[in-house]
Amino acid sequence: MAVLGTGIMPSGALGQELTAVTRRAFVPKLIVQLYNTSPTIATLFANAQRASGGVSSVSVPVQGAPFVSGSWSSYSGNFSQPTTQQGAFLSENNLKLFIVPVPFLGMEAAVQMDHAIIPLIEARMNDATNVTMDTFSTALFNNYTDPSQFIGLPGAVDDGTNTTSYGNLSRTTNTWWRSKVYNAGSVNPTRANLLQYIMGVCKNGGEMPSFGVCGIGTWTLLAQDFVAQETYNLTPSSQFDDDSEGPRSGFRGLMVAGVPIFADPYCPEGTVYLLQNNYLNFYVHESASFSFTGFESTLSNWQLGYVGALVTIGEIVNTKPKACGRIGSYNFLTV
């Protein structure tokens, strides 16, 4: 339906006449209005580990207790008889399957051939990747109950509140398999406030987190604690407009105790995850990493056309939950 009577287009009969005899001036781009970008899922994919077949495809031996014990001695050098102690346990994780079917109707090809502004098959192929990444990012921050989906951060970084068992290991029995989980108590996120929780995670797991993520409104409120302290240094005999970029204000990563905190639009507001990427990894099957099956005819279903599928098999695995932490109940801005 043409828009008539605005701008240079006349209304009424003249507008209808122009519509009937004039091609539309299409911009040959399909501007996507959906989806967001997630720095967390991008980081996990950038450091993805390869997995293959087998039962419990991601099985990682973990040490949860000492293998040996020692004791103080004296000049005599006496010591107690050693005993065999269980120190090794097995974290077991199954890969999850995600499929995006891509249809290609026979008559669609006939109609669009040599006349397509946006080939629909190309749009669907591009969207298959976007749908996959959007679904993965959503599951990463939300799922801990559906066993057919990725077990996301609410289950991977937990103290037993959401998941009493993770990686086929009990968090009730094995207290070393718990993450540090805090309740901020409805306060604003600040550098001083977040610092104590970072140190708490460090004390619990023996390592500093690699980075932190939170919702955009939570991150913006934390950023205000930084921006209020900003200063601008002016070089003598110069002014701000001498710099093509102008004075810099704000940061993409808010550094607290050496830990950068990033904003992720998929992360629930009021929650901050402190993650250690030495142990939190995305495992993807070596034969099914955004793999396309190719198109197959739908003639067997009495239809002229084709269908293919984008297939990804993987799982998000945390092999040292105690090195990660979660802080909840922070205040946040509505943005």
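The values are calculated or read from the model by the stated rules, or taken from the named source; none is laboratory data. Because the structure is predicted, anything quoted here is derived from the model rather than measured. Note that we place each Cβ from the backbone using ideal geometry, even for glycine, and neighbour counts take in every protein chain shown.
Condition first: over 18 Å from Ile41 (Cα atoms), outside any helix (DSSP H, G or I), touching a helix residue (DSSP H, G or I) at 6+ places or on another chain (Cβ under 9 Å) and not hydrophobic (A, V, I, L, M, F, W, C). Now tell me which residues in the range 298-335 satisfy that.
Once the filter is applied, which keeps residues that are over 18 Å from Ile41 (Cα atoms), outside any helix (DSSP H, G or I), touching a helix residue (DSSP H, G or I) at 6+ places or on another chain (Cβ under 9 Å) and not hydrophobic (A, V, I, L, M, F, W, C), the range 298-335 yields Thr298, Gln303, Gly305, Tyr306, Gly308, Lys320, Tyr330, Asn331, Thr334.
Identify all residues within the range 166-209 that are more than 25 Å from Thr145 (Cβ to Cβ) and without any contact (Cβ under 8 Å) to a residue 12 or more places away in the chain; write none if there are none.
Those that are more than 25 Å from Thr145 (Cβ to Cβ) and without any contact (Cβ under 8 Å) to a residue 12 or more places away in the chain: Ala192, Asn193, Gln196, Cys202, Lys203.
Taking the condition of being out of contact with any helix residue (DSSP H, G or I) (no Cβ under 6 Å at 6 or more places or on another chain) and part of a loop (DSSP other than H, G, I, E, B), how many residues in the range 10-49 meet it?
Of the residues in that region, 18 qualify.
Residues in the range 258-288 that are among the hydrophobic types (A, V, I, L, M, F, W, C), within 30 Å of Leu310 (Cβ to Cβ) and either part of a strand (DSSP E or B) or within 14 Å of the chain's Cα centre (by Cα) (or both): how many?
So the answer is 7.
Only one of Val68, Val60 is among the aliphatic types (A, V, I, L, M), assigned to a strand (DSSP E or B) and modelled with pLDDT of 90 or more. Can you tell me which?
After ruling out the rest, the residue left standing is Val60.
Do we have any residue at all in the range 11-32 that's at pLDDT below 90 and among the aromatic types (Phe, Trp, Tyr)?
The answer is yes; a qualifying residue exists.
Restricting to the range 213-257, name every residue that is assigned to a loop (DSSP other than H, G, I, E, B), touching an Asp or Glu at 6+ places or on another chain (Cβ under 9 Å) and either within 14 Å of Tyr330 (Cα to Cα) or modelled with pLDDT of 70 or more (or both).
Once the filter is applied, which keeps residues that are assigned to a loop (DSSP other than H, G, I, E, B), touching an Asp or Glu at 6+ places or on another chain (Cβ under 9 Å) and either within 14 Å of Tyr330 (Cα to Cα) or modelled with pLDDT of 70 or more (or both), the range 213-257 yields only Gly215.
Could you check, for the range 22-29, whether at least one of its residues is surrounded by 10 or more Cβ atoms within 10 Å (Cβ to Cβ), under 24 Å from Asn130 (Cβ atoms), in contact (Cβ under 8 Å) with a residue 60 or more places away in the chain and of a type in the set (A, V, I, L, M, F, W, C)?
Among the residues of the range 22-29, not one is surrounded by 10 or more Cβ atoms within 10 Å (Cβ to Cβ), under 24 Å from Asn130 (Cβ atoms), in contact (Cβ under 8 Å) with a residue 60 or more places away in the chain and of a type in the set (A, V, I, L, M, F, W, C), which makes the answer no.
Before we move on, is Ile118 outside any helix (DSSP H, G or I), among the hydrophobic types (A, V, I, L, M, F, W, C) and at pLDDT below 95?
Yes: the conditions hold for Ile118.
Would you call Thr163 in a loop (DSSP other than H, G, I, E, B), more than 24 Å from Asn93 (Cα to Cα) and without any contact (Cβ under 8 Å) to a residue 40 or more places away in the chain?
No, not satisfied.
For the range 158-205, what are the residues that are touching a Leu at 6+ places or on another chain (Cβ under 6 Å) and of a type in the set (Phe, Trp, Tyr)?
Correct list: Trp177 only.
If you go through the range 140-160, how many residues are part of a loop (DSSP other than H, G, I, E, B) and in contact (Cβ under 8 Å) with a residue 60 or more places away in the chain?
5
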